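Worksheet for the structure shown next.
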Amino acid sequence: MKPFGPPDPSKSSSDAGAGHPGRPGGGESGGVVGEADERELIRLAQGGDQGAFRRLVERHGTQAYALALRIVRSASDAEEVAQDALVRAWRSLPRFRGDSKFSSWLYRIVVRRAFDRAAVLKGRRDREAPAEGIESLPAEAGGPDPEARERAARLERLVAELPVVPRTVVTLYYYQDRSVAEVARILQMPENTVKTHLSRARAALRTGWLGEDASRGERGDA
């Protein structure tokens with residue numbers, strides 16, 4: 001996960017394409033061996049090997065669910081979106097040509113399904129209280145330090161308030177360590193549009209963060 005929060009206004013959108021650190025274990029396999037193994041799993045799954053596809057799901061299913069959750073902001077809906085996306089991926093796998101990473105291809109399916117679900121949920125969300133508690137989101141930051149946890153929760157809440165497209169861009173770039181180019185491929189938009197979304201999202205998050213600080217200061221002075 002890229003460093004993220006509170007937003008640094010000094011980081012320009014041109015910085016957004018910079019490289020990012022390696023991902024921790026339990027996610028995508030890195031290196032030549034992992035890539036070769038994944039290509040073999042894809043080949044077997046394309047031939048109808050359900051066991052090979054299950055291994056691909058074990059590698060990428062958690063990230064797919066986390067991405068769906070950040071878009072639809074409901075654990076039950078995210079689970080349904082992720083399951084639907086995996087079923088569609090299985091059915092479409094024979095047509096996967098390998099022009100992009102398998103994970104990018106899968107996340108593109110997840111995003112499309114999640115956007116459809118988010119559009120359905122929008123009217124309901126407008127009539128209801130704020131989305132499920134932030135504790136339902138993956139705990140990707142904070143650690144044991146109470147102050148760090150509180151800051152991470154504040155940031156999660158502000159990210160959840162972003163419109164669906166910039167929220168998805170932020171999720172892919174910061175929380176799933178995707179490059180600008182990968183985000184652009186997944187969301188099927190130009191790289192400059194991704195950078196614009198990142199820049200505007202950082203500005204919105206910074207405004208929200210400072211606004212909360214100001215409100216807390218006023219309450220403290222009262």
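Every number here is computed from the coordinates shown, using simple stated rules; none is lab data. These figures come from a predicted structure and were not determined experimentally. Glycine also receives a Cβ, built like all others from the backbone with ideal geometry; neighbour counts cover every protein chain displayed.
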Length gained, Thr62-Arg200, 0.36 nm per residue minus C-alpha separation, equals 46.9 nm
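DSSP loop trypsin sites (Lys or Arg not before Pro) in segment 56-102 with at most 16 other Cβ atoms within 10 Å of their Cβ, which ones? Walk me through the intermediate numbers first.
On the way: sites: Arg59, Arg70, Arg73, Arg88, Arg91, Arg95, Arg97, Lys101; in loops: Arg73, Arg97, Lys101.
Loop-located and lightly packed - Arg97.
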What spacing in nm lies between the two simple spin-label points modelled at Leu210 and Met189, each 7 Å away from Cα in the Cβ direction? 2.4 nm
